[in-house]
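Take this structure, written in structure tokens, and hold onto it; I'll ask about it next.
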Amino acid sequence: MTASGAAGSGVPHLDVDPFDMRFLADPYPAHELLREAGPVVYLDKWNVYGVARYAEVHAVLNDPATFCSSRGVGLSDFKKETPWRPPSLILEADPPAHTRTRAVLSKVLSPTVMKQVRDRFAEAAEARVDALLQMRNFDAIADLAEAYPLSIFPDALGLKPEGREHLIPYASVVFNAFGPPNRLRQEAIERSAPHQAYVAEQCQRENLAPGGFGACIHAQVDEGAITANEAPLLVRSLLSAGLDTTVNGIGAAVYCLARFPDQWSRLRDDPSLARGAFEEAVRFESPVQTFFRTTTREVELSGAKIGEGEKVLMFLAAANRDPRRWDRPDSYDITRRTSGHVGFGSGIHMCVGQLVARLEGEVMLTALARRIAKIEITGEPKRRFNNTLRGLDSLPVTITPA
Amino acid sequence: MPAITFIHPDGKSDRVETAGGESVMQAATRHGLDGILAECGGNAMCATCHVYVDESWLARLPAMAGDEDALLDGTAAERRPTSRLSCQITITPDLDGLVVKLPERQV
Ligand code: HEM
Ligand code: FES
């Protein structure tokens, strides 16, 4: 550790690459190092500032005027580099532009809409458990964490049945692309053309079934809230961020419940804890590990002076386990008061699909808890590597019916 | 510091001392009060911090923004004329003694 160079006085320079395979395989020791080194650190490998404590992550998320999103929420600075795809109109936008598009998606994914889809989502979760009980031995990622969202979300959006196999690979490109130009990112983008073509096509109004989330977005054009050119890009946001995230969220919850049988038995005793069990898994595993911001001016953050146009990497996962904020941060506790965790972000960009994610998580875990006595891991879990998303590639399990 | 009284659905009540500048939701969660979930952490996105404000206090609260109004249509318990999102009510000294009722459920 040295304290020289671009990052001014007092900011510790760390030789840590948060997108390196070893880091991604087991981020926890490095998260602790980053948190304990100081409130703000500098990562020489990619020339970015980093924040890993809860207070600073929360502060950066809640000051969008200083820490903007329109220059990209990945490492690439849109002011200096051409984005790999047209920027998102919501994720990669600042107020006032963001305020308008955000209002549209908030309306399409509101609590009122969730009440309308709840029964459908719950029935599909029951059907998934029926299938799992037939199988007994299965891969909890492919057969549960992927199969369940795939059985409801594309339909809820109003997508055609053909071509849905592009959805998870497309999302994987999007989340790899937030990272640095490492192998994960390069290979993802090289292979992205067919997935991009599929997604661009499905975002068009004529390809979205009436009544679905996609059609509801296009209907906002008629209300004058957005233009006909903006609607497809907002549908694209749901295709990018709405599926793989919940796959990893549900995967995280099942992995937690299989690893911590005491928490599973609490959930079995009281399935009404399902929603909290899912939320705690989002805190504990943080399926979305990181996002960047770019400074719009020189700013002082917890004593560190950061110049204009600097990238700041927010370690959401490290903040979610910061002992300054959480009691016993490394234990998975389904009755924890999780309010305030940053697994869905915080402030104006806080996940607009959070209600969809919670609904899926709640009904899936409820169905599992009611009908399954035991979940046992029967083989070595395999990790899926992505620059932004944390989750498993496979998790072999066997279940015992209740 | 201003104090707030939360009345639970079973009629029991909790009096909570608040810190300056926080919201009614934050005061409740900081005291570990049951009945306020606040899943979105106060970002006006989840409607799980729903309260019924005592009628005598309603007019003294800051006005509701459009997004709060829309979210209240999606609360788990019925929406009433006295419904508010507690994360959108910042406690000021003149709200000392505020009384709010908790709904039957938040999700
Ligand atoms: C467990 C599942 C999920 C996790 C962990 C998650 C996480 C996040 C995070 C951390 C952000 C903040 C980004 C930032 O601050 O720059 C975000 C934003 C967003 N999420 Fe999610 N998400 C999940 C599910 C979903 C779903 C189901 C949808 C769509 C139905 C969705 C759509 C979006 C969109 C469009 C944004 C951008 C919002 C904005 O910039 O205003 N997400 N999500
Ligand atoms: S805490 Fe989510 S709306 Fe108030």
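The values are calculated or read from the model by the stated rules, or taken from the named source; none is laboratory data. The model shown is predicted, which means the values in this text are computed figures rather than measured ones. Glycine gets a Cβ as well: all are built from the backbone with ideal geometry, and neighbour counts include every protein chain shown. Quick note on the areas: whole protein, heavy atoms, side chains included, nothing else; ligands and nucleic acids left out. Shrake-Rupley method; radii C 1.70, N 1.55, O 1.52, S 1.80 Å.
Based on the mean of other beta carbon atoms within 10 Å per residue, what is the order of A:185-194, A:271-280, B:19-28, most packed first?
Details: A:185-194: 15.0, A:271-280: 22.2, B:19-28: 19.3.
In descending order of packing, they fall as A:271-280, B:19-28, A:185-194.
Out of all Cα-Cα pairs in segment A:41-149, roughly what percent, to the nearest whole number, are more than 22 Å apart?
Summing the P(r) of segment A:41-149 above 22 Å gives 60 percent of all pairs.
Checking an interface number: how much accessible area is buried between B and A, summed over both chains, with a 1.4 Å probe, in Å² rounded to 100?
Summing both sides, the interface buries roughly 1300 Å².
Let me have the 222 nm mean residue ellipticity of chain A computed from DSSP H runs of 4+ only, each contributing -39500 (n - 2.57), with the sum over all residues rounded to the nearest 500.
-13500 deg cm²/dmol
Provide the descending list of Cα extents for segment A:282-402 along its principal axes, expressed in whole angstroms.
Its Cα atoms span 59, 29, 28 Å along the three principal axes.
Given a 1.4 angstrom probe, I'd like the percentage of the accessible area of segment B:3-101 that is carbon and sulfur, rounded to a whole number.
49 percent
At 10 °C and a viscosity of 1.306 mPa s, what translational diffusion coefficient does Stokes-Einstein give for segment B:3-101, taking Rh as the Kirkwood radius over Cα pairs? Give it in µm²/s as a whole number.
After rounding, the answer is 119 µm²/s.
Ignoring ligands, DNA and RNA, what percent of the accessible area of segment A:3-401 is carbon or sulfur (1.4 Å)?
Its accessible area is 52 percent carbon and sulfur atoms.
Stretched out fully, how many nm does the piece from A:L133 to A:T335 gain, at 0.36 nm a residue minus the Cα gap? Intermediate values should be presented prior to the final figure.
Values: separation 202, 0.36 × 202 = 72.72 nm, distance 2.73 nm.
Gain on extension, A:L133 to A:T335, equals 70.0 nm.
Given H placed on each backbone N at 1.01 Å, which residues far from A:L301 in sequence or on other chains put an amide H within less than 5 Å of it?
A:I306
Okay, next question. 7 Å from Cα along Cα→Cβ at both B:M64 and B:D10: what's the point-to-point distance in nm?
Result for the modelled spin labels: 2.9 nm.
Does any residue of segment B:67-105 lose at least 40 Å² of accessible area with all protein chains in place compared with its chain alone, and if so which ones (probe 1.4 Å)?
Buried by the other chains: B:G74.
Let me check against my output: what whole-number percent is the relative contact order of chain A, with C-alpha pairs under 8 Å and at least 6 apart?
25 percent
Along its principal axes, what span do the Cα atoms of segment A:3-401 show, with the longest given first and each in whole Å?
Taking max minus min along each principal axis of the Cα atoms, segment A:3-401 gives 61, 51, 37 Å.
Hey, what number do you get for chain B at 222 nm if only DSSP H runs of n ≥ 4 count, each worth -39500 (n - 2.57), divided across all residues, to the nearest 500?
Mean residue ellipticity, 222 nm, calculated: -4000 deg cm²/dmol.
A follow-up question, please. Which of these, A:K107, A:K115, A:K80, has the largest mean-square fluctuation under a Gaussian network model of chain A (Cα springs below 10 Å)?
Maximum among the listed residues: A:K80.
Now a separate question. In square angstrom, what is the accessible area per residue of segment A:81-158 with a 1.4 angstrom probe?
44 Å²
Accessible area per residue, 1.4 Å probe, Å², for chain B: what's the number?
Averaged over the residues of chain B, the accessible area is 46 Å².
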